[in-house]
Amino acid sequence: MTFRQALLAAALSFAVPLAAHAAPKTDLVVGMAAQDIGKLDPHLAVSTIDRTVVAWIYNALVRFKPGSMSPADIEPDLAQSWEFSADKKVWTFHLRPGVTFQGGYGELTADDVVFSLTKSGDPKRSAFSADFAAFEKVEALDKLTVRITLKQTLPSLLGILTNYSGGFIVSKKAVETLGDSFASKPVGTGPFAVASLTPNQSLELVANKGYFRGAPKLEKISYRFMPSNASRDLAFQNGELDVEYGISDQTWVDRTRKLPGAVVDVFEPAEEAILHLNMAQKPLDDIRVRQAIAYAVNRPELQRWQGPTVSRMPASVIPGGNLGYAADAGLLEFNLDKAKALLAEAGFPNGLTLKVVHTQLPGMLAGMQVVQAELKRAGINLDLQVVEHATYHQMIREDLSAMVYYSASRFPVADFYLTQFYHSRSIVKTPTAVTNFSHCTVADAEIDAARTEPNDAKQIALWQTAQKKITAAVCAVPLIETLQTWVHKDTLDYGYELKGSLSLGPLITELTQFK
Amino acid sequence: MKAILRNPTTSIGALFCILIFVGAILAPWISPYDPLDQNIIDRLQPPSAEYWLGTDIYGRDVLSRILWGARISLVVSVAAITVAVVIGGAIGMVSAYIGGRFDLFVMQVMDVLLSFPSLILGLIVVALLGPDLINLIVAIALTAIAPFARIARAPVLSLKERAFVEAGRALGFSHARVLFVHIMPNILSEVLVMASLWMATAVRTEASLSFIGLGVKPPTATWGGMMRDGFEAILDAPWLSVFPGIAILMLVLGLNMVGDGLRDATDPKLSGS
């Protein structure tokens with residue numbers, strides 16, 4: 001070796017590690033508040049844990065622009081264009097050519113779309129079938145053209161077809177081949193594909209190099225299940241996590257914002273926590289008892305507890321920001337004397353006890369304990385039956401609780417929330433059940449009329465009337481609206497500005513990368 | 001008694017236990033605040049003159065909750081160990097007294113119970129019956145029956161051959177009278193020593209079950225439950241889990257120290273040494 005070669009070798013031996021060090025990281029580690037993953041079949045993914053990750057695996061006909069959840073920001077996804085009939089009952093979608101499924105399941109065709117949307121509308125194979133009640137038929141006109149015919153016009157068909165809930169498109173071949181195991185071995189067209197799942201530990205994803213928008217900049221994602229908030233926080237502080245599911249609590253936000261290199265994301269949608277009062281049960285069939293509960297709830301105190309950065313005070317029985325929201329729905333304001341007087345009038349001068357099923361999920365249990373203490377001041381005792389989260393979901397749908405504390409957001413058009421939570425068709429334990437836990441029926445006429453109302457202003461007025469009627473009947477008592485709270489390293493660039501995400505977690509796209 | 005208290009370790013243990021027992025009994029009068037009263041404005045306050053041990057995420061006073069939580073810990077452990085002593089002791093004594101195949105069968109059943117770690121057995125029982133004060137007592141009692149049966153059995157095996165027992169039988173006393181009037185007083189001290197040691201285990205099991213969410217329902221204050229809630233906020237408010245942890249440590253350590261002292265004092269091999 002000559003002197004010059006030796007010098008070059010020495011220089012290289014320094015330069016290579018330096019270059020390696022300078023290259024940005026390509027593996028993303030996400031810490032999620034979860035014991036395990038639930039279902040990765042997007043039409044069965046109902047929890048935040050599952051919803052967050054299915055949005056990285058699948059596409060839909062249309063999508064919200066990344067970082068937004070505004071209906072005004074809906075843009076083409078698997079469909080590159082569409083048109084509709086004058087009465088908005090027949091919609092034709094033209095698919096993007098050359099899109100392929102992960103894992104060698106071939107090219108996306110109209111058959112996959114027909115199969116997916118039919119599956120989404122089937123209550124046996126989808127948790128979101130109620131959204132598809134107005135669908136008459138979905139048919140493939142040719143390999144890349146799909147026609148959807150509706151029984152009636154919908155306030156927002158595109159809303160149902162976005163990259164959220166039932167809108168995700170799955171591979172027909174994969175579902176038929178894999179059967180039940182599809183829920184743990186999903187096949188989509190999205191930027192990331194599932195590589196492996198270690199129960200109670202992590203879900204590993206790899207980049208889908210053939211993604212139609214271009215190969216993702218990240219190579220791998222490790223989605224770690226870390227149910228303990230403290231463990232996740234410590235892992236993030238130690239640099240083991242790049243993204244962490246946070247806690248919607250002011251103290252957490254204030255402390256985390258002070259960490260070096262941490263960017264706290266507080267974004268839409270706000271999930272509205274509501275007490276649904278079971279009007280089919282005694283003593284909640286008496287409106288005076290329901291009004292007493294409404295008067296006993298102290299919303300300003302709840303907001304003080306959660307903190308102003310992460311929560312908002314609700315003004316109606318649907319979340320704020322929904323199209324058709326009534327900011328003057330007439331919620332009863334906190335008044336302990338009125339609550340006690342109404343209880344006495346209803347025959348409970350010494351108070352009453354209600355048996356309530358609730359989840360052990362720390363955030364929801366903590367919120368319920370604040371409500372429990374507030375109601376106790378009026379003499380309303382909640383006998384909490386605290387059960388595991390999946391059991392809670394099952395029991396409340398079996399109509400086993402006097403009241404249900406439920407926190408949710410839906411596609412931000414009033415029809416979705418009103419239909420699912422307050423229409424008689426959605427009453428739990430019925431064949432068409434969704435999440436009407438209160439057995440509310442007072443606003444059916446307005447909800448149905450609004451759905452087919454062609455005049456926008458009249459449609460909004462109908463939705464607002466519906467909210468006022470539901471509020472007056474005290475089917476439900478709104479508690480608090482809580483925004484989504486995550487944190488990520490400042491070296492990570494999502495590739496968009498995160499203002500909202502209907503999948504309840506940050507979208508990891510082909511453009512997400514480390515700086 | 002003097003001999004017991006002369007031992008400094010036992011005295012310290014007794015002091016810990018007395019402090020906690022007195023605190024639990026006087027909780028309604030000495031607690032600075034209502035343990036269930038939420039004061040959202042003062043949530044997550046560190047220890048101060050106003051709140052000696054700070055406040056939790058709902059603004060509840062930690063000191064008051066520890067004092068009231070002591071009641072749950074003590075009620076559960078005293079009740080569970082009493083049940084275990086009575087049932088386990090009776091099983092062990094009767095089994096040894098009758099002897100033969102019956103004794104063999106009973107002890108094998110007890111061996112099966114002993115093969116489960118107490119926390120696992122408690123977990124199974126509470127998971128089956130549901131989290132509740134009575135079920136918690138039943139669960140913990142069940143975990144301690146087998147050890148007490150074994151403790152009661154061993155001395156009865158030798159005592160039943162002794163002359164005073166033979167004499168009792170010869171005088172025509174019933175088996176029950178011989179067993180409970182003549183034999184039982186001789187094994188009582190040994191059983192009581194074990195009871196104090198097992199009380200410590202019962203306190204730990206109760207705290208562990210509460211920690212994993214299988215204890216008494218919220219909002220009732222329990223030490224294990226307080227530690228679990230505090231653990232969720234450990235980076236913001238470490239006092240929430242530290243103080244109930246110290247309370248558990250003091251009671252468990254105290255009971256063990258007293259138990260050791262009692263054992264030493266009643267063990268003829270150690271007395272006078």
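Classify segment A:346-495: rounded, prolate or oblate, from the alpha-carbon gyration tensor (a ≥ b ≥ c, eigenvalue square roots; a/c under 1.5 rounded; otherwise prolate if a/b is larger than b/c)?
oblate
Using only the alpha-carbon atoms, how far is helix B:223-232 inclined from the longest principal axis of chain B? Give it as 0 to 90 degrees, nearest 10.
Result, in degrees: 40.
May I ask you to derive the relative contact order of chain A, considering only C-alpha pairs under 8 Å and at least 6 residues apart, and to give it as an integer percent?
Once normalised by length, the contact order is 20 percent.
DSSP H helices in chain A with Cα extent of 18 Å or more along the helix axis and mean Kyte-Doolittle hydropathy at least 1.6?
Flagged H segments: there are none.
Give me a single rounded figure for B:234-242: the average over its residues of other chain Cβ atoms within 10 Å of their Cβ.
3
Tell me, what HN-Hα J-couplings in whole Hz come from the Karplus equation 6.51 cos²θ - 1.76 cosθ + 1.60 at θ = phi - 60° for each residue of segment A:207-217, using x for Gly and Pro?
Using θ = phi - 60°, the values come out as 5, 8, 4, x, 4, 5, 8, x, 5, x, 6 Hz.
Which one, A:PHE416, A:LEU375, A:ALA476, is farthest towards the positive end of the dipole of the protein assembly as shown when Lys and Arg carry +1 and Asp and Glu -1 on their Cβ?
A:LEU375
How large is ³J(HN,Hα) for each residue in segment A:483-493, as worked out from phi by the Karplus curve 6.51 cos²θ - 1.76 cosθ + 1.60 (θ = phi - 60°), to whole Hz, x for Gly and Pro?
In residue order, the calculated couplings are 7, 7, 10, 10, 9, 9, 5, 6, 7, 9, 10 Hz.
Which of the three applies to segment B:2-266, rounded, prolate or oblate, going by the alpha-carbon gyration tensor with a ≥ b ≥ c and a/c under 1.5 meaning rounded?
The shape class here is prolate.
Compute the distance in nm between two label points, each set 7 Å from the Cα along the Cα-to-Cβ direction, one at A:ALA280 and one at A:SER424.
That separation, rounded to one decimal, is 1.3 nm.
Round to the nearest 0.05 the FRET efficiency obtained for B:VAL109 and A:ALA390 when R0 = 45 Å and r is the Cβ-Cβ distance.
Calculated value: 0.80.
Find which of A:ALA280, A:ALA292, A:VAL194 sits farthest along the positive direction of the dipole of chain A, computed with +1 on the beta-carbon of Lys and Arg, -1 on that of Asp and Glu, about the Cα centre.
A:VAL194
Just report the Cα centroid separation between segment B:35-94 and segment B:140-162, whole Å.
Cα centres, segment B:35-94 to segment B:140-162: 31 Å.
Take A:THR177 and B:LEU192, extend 7 Å from each Cα along the Cα→Cβ direction, and tell me the distance between the two endpoints in nm.
Roughly 7.6 nm, to one decimal.
Hey, got the average number of other protein chain Cβ atoms within 10 angstrom for residues in B:113-125?
Per residue, the average neighbour count from other chains is 0.
At what distance in nm do the modelled label points of A:LYS185 and A:LYS151 sit from each other, each positioned 7 Å from its Cα along Cα→Cβ?
3.7
List the residues whose amide H sits under 5 Å from the amide H of A:VAL386, counting only those 5 or more places along or on another chain, with H placed 1.01 Å from N in the peptide plane.
Under 5 Å from the amide H of A:VAL386: A:HIS358.
Going by alpha carbons, how many degrees (0 to 90, nearest 10) lie between the helix axis of B:239-266 and the longest principal axis of chain B?
In chain B, helix B:239-266 runs at an angle near 20 degrees to the longest axis.
Given the pairs A:LYS39/A:LYS124; A:LYS209/A:LYS489; A:LYS468/A:LYS499, which span a C-alpha to C-alpha distance of over 18 angstrom in this model?
From the list (A:LYS39/A:LYS124; A:LYS209/A:LYS489; A:LYS468/A:LYS499), the Cα-Cα distance tops 18 Å for A:LYS209/A:LYS489; A:LYS468/A:LYS499.
Rounded to the nearest 0.05, what FRET efficiency do B:PHE116 and B:ILE212 have when you use their Cβ-Cβ distance and R0 = 22 Å?
With R0 = 22 Å, the Cβ-Cβ based efficiency is 0.85.
Give the residue from A:ALA33, A:ILE447, A:ASN163 lying farthest towards the positive end of the charge dipole for chain A; charges sit on Cβ (+1 for Lys and Arg, -1 for Asp and Glu) and the dipole is referred to the Cα centre.
A:ALA33
What lysines does A:LYS173 reach when the alpha-carbon gap must be under 16 Å and sequence neighbours fewer than 8 apart in one chain are set aside?
Straight-line reach from A:LYS173, under 16 Å: A:LYS119, A:LYS143, A:LYS185.
Quick one: A:VAL146, A:VAL29, fewest Cβ neighbours within 10 Å first, how do they rank?
A:VAL29, A:VAL146
Give, in nm to one decimal, the length gained when the segment between B:ARG6 and B:TRP52 is fully stretched (0.36 nm per residue of separation minus the Cα-Cα distance).
13.2 nm
Write down the percent of antiparallel bridges among all DSSP beta bridges whose residues are both part of chain A, to the nearest 5.
75
Gap in Å between the Cα centre of segment B:191-268 and the Cα centre of segment A:425-477?
Rounded to whole Å, the Cα centres lie 51 Å apart.
Ranked from highest to lowest mean number of other Cβ atoms within 10 Å per residue, what is the order of the peptides A:118-126, A:215-223, A:266-274?
A:266-274, A:215-223, A:118-126
Using a 10 Å cut-off on Cβ atoms, rank the peptides A:408-416, B:115-123, A:507-515 from the highest mean neighbour count down.
Listed from highest to lowest mean packing, they are A:408-416, A:507-515, B:115-123.
Compute the relative contact order of segment B:2-266 as a whole-number percentage, counting only Cα pairs closer than 8 Å that sit 6 or more residues apart in sequence.
26
Ignore the peptide's own chain and count Cβ atoms of other chains within 10 Å of each Cβ in A:298-304; give me the average, rounded.
Shielding by partners across A:298-304 averages 2.
Once you have the Cα-Cα distance between A:ILE287 and A:ARG255, take 0.36 nm times their residue separation minus that, and quote the gain in nm to one decimal.
This chain segment gains 7.2 nm when fully extended.
Using the beta-carbon distance between A:ARG397 and A:ASN200 and R0 = 22 Å, what value does 1/(1 + (r/R0)^6) give for FRET efficiency, to the nearest 0.05?
Plugging the Cβ-Cβ distance into 1/(1 + (r/R0)^6) gives 0.30.
Under the rule of at least 5 residues apart or a separate chain, name every residue whose amide H is placed under 5 Å from the amide H of A:LEU241.
A:PHE236
Can you quote the Å³ per residue value for the convex hull of the Cα atoms in segment A:413-515, rounded to an integer?
158
Straight-line reach from A:LYS25: which aspartates and glutamates fall under 19 Å, measuring Cα to Cα and dropping same-chain residues less than 8 apart?
Cα-Cα hits under 19 Å: A:GLU204, A:GLU219, A:GLU240, A:ASP242, A:GLU244, A:ASP490, A:ASP493, A:GLU510.
Counting only GluC sites (Glu not before Pro) that are in a DSSP loop and have at most 14 other C-beta atoms within 10 Å, tell me the longest site-free stretch of chain B.
B:162-273
Taking the Cα centroid of segment B:7-29 and of segment A:190-236, what is the distance between the two, rounded to the nearest whole Å?
The two parts, judged by their Cα centres, are 52 Å apart.
Say a site is exposed when it is one of the chymotrypsin sites (Phe, Trp or Tyr not before Pro), sits in a DSSP loop, and has at most 16 other Cβ atoms within 10 Å; what is then the longest site-free stretch of chain B?
B:53-172
Would you kindly state the longest site-free stretch of chain B, with sites defined as trypsin sites (Lys or Arg not before Pro) in a DSSP loop (not H, G, I, E, B) surrounded by at most 13 other Cβ atoms within 10 Å?
The answer is B:1-161.
Please compute the alpha carbon radius of gyration of chain A, then divide it by the globular-protein estimate 2.2 N^0.38 Å. Two decimals is fine.
Against the compact-globule rule of thumb, the ratio is 1.05.
Read the figures in this text as sums done on the coordinates, not as results from a lab. Everything numeric in this text was worked out from a predicted model, so none of it was measured. Please note: Cβ atoms are built from the backbone with ideal geometry, for glycine as well, and neighbour counts cover all protein chains shown.
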